[in-house]
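What follows is a short report on a single structure.
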Amino acid sequence: MPSAQSRIAAPLHTILVLAAIAAYSLSGRLRSVETQSVVSINHVALYERTLLFEWLLLAFVFVGVRLHGSSLHTVMGQRWQSALQILRDIGIGAAFFVITTLLASTIGPHFGGGTPDKVLHLMLPDGPLEKVLWLAVSITAGICEEAIYRGYLQRQFTALTRNRSAGIALSAACFGAVHAYQGFRMMIQIALLGVLLGLLADWRKTTRPGMISHAIQDSLVIFIRR
């Protein structure tokens, strides 16, 4: 397995991944601007589009990692070997979720927090089908985004800069940028969350606790933002 400062994919592959993220971010930002003038959006289409992009991008990451001769474990983390390891990661992920939620409630007002933005309200599901799809999107985001931003980009940036702090910061910046459709305030908060998730992944040497925390956080949004 490559060391923490070894590349796990070709630089060109990383450029293509970043280009895909930038294009999706720009598209999402343009759609969010249009959304400001409407009263409702097609949730099913939005969720399906998100699911498709997340899994296709993760698949592209996997292809680049494998072509470079690296193990997919460098992106996803080592397989669980026992029930104790599973419970440990669930516990760490849940604890991380509680801590970051408390931090967000503390610093949120300083970023203009309080009333959710209109675009965020419009994104929330209505009805059983949309809530099921939201749950699927939340689990997908937990798995795919942690694998892409912490498992792949963080490793690549660390290798390219030869600096772990830079790797964490750069991947967190990309993580915030892809959520630009939520507005500048939320983009900064999400980037800061990305830094914390990066530190967690660097500490645990796996993305699994972050995946669990990320999925929990996104899943519960429908209950705490209404």
- Heavy-atom accessible area of the chain with neighbours in place, 1.4 angstrom probe: carbon+sulfur share in percent works out to 69
- Query: How much length, in nm to one decimal, is gained on full extension between S165 and D126, taken as 0.36 nm per residue of separation minus their Cα-Cα distance?
  - Reply: 10.0 nm
- the chain: C-alpha gyration tensor shape, a/c 1.5 cut-off, then a/b vs b/c: prolate
- Message: Between Q85 and F184, what is 0.36 nm times their sequence separation minus the Cα-Cα distance? Round to one decimal in nm.
- Response: 31.9 nm
- Considering only L56, A215, A169, whose Cα is most displaced toward the positive end of the charge dipole of the chain, charges sitting on Cβ of Lys, Arg (+1) and Asp, Glu (-1)? A169
- Query: Build a GNM of the chain with springs between Cα atoms under 10 Å: which of I143, I90, I190 gets the top mean-square fluctuation?
  - Reply: I90
- Message: Using 0.36 nm times the number of residues separating R7 and A59, minus their current alpha carbon distance, what extension gain do you get?
- Response: 16.9 nm
- Considering only the other residues whose Cβ falls under 14 Å of the Cβ of M76, what net charge follows from Lys and Arg at +1 and Asp and Glu at -1? +4
- Would you mind getting me the FRET efficiency between I15 and A104? Use the beta-carbon distance for r and R0 = 25 Å, nearest 0.05. 0.20
- Message: What's the magnitude of the charge dipole for the chain around its Cα centre, counting Lys and Arg as +1 and Asp and Glu as -1 at the beta-carbon? Answer in Debye, nearest 20.
- Response: 540
- Note on the structure: Ranked output for segments 132-141, 91-100, 192-201, 154-163 by mean other Cβ atoms within 10 Å, highest leading, reads 192-201, 154-163, 132-141, 91-100
- Spin-label model distance (nm) - S27 vs S71, 7 Å beyond Cα toward Cβ: 3.4
- Item | Å² per residue, accessible surface of the chain at 1.4 Å | 50
- Message: Among the complete DSSP H segments of the chain, which ones combine at least 27 Å of alpha-carbon extent along their axis with a mean Kyte-Doolittle hydropathy of 0.0 or more?
- Response: 11-35, 43-67, 83-107, 184-204
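The values are calculated or read from the model by the stated rules, or taken from the named source; none is laboratory data. Keep in mind that what you see is a predicted model, and the values were worked out from it rather than measured. Here the Cβ is made from the backbone with ideal geometry for all residues, glycine too, and neighbour counts use every protein chain on show. Just the protein is used for accessible areas: all its heavy atoms, side chains included, with ligands, DNA and RNA removed. Shrake-Rupley method; radii C 1.70, N 1.55, O 1.52, S 1.80 Å.
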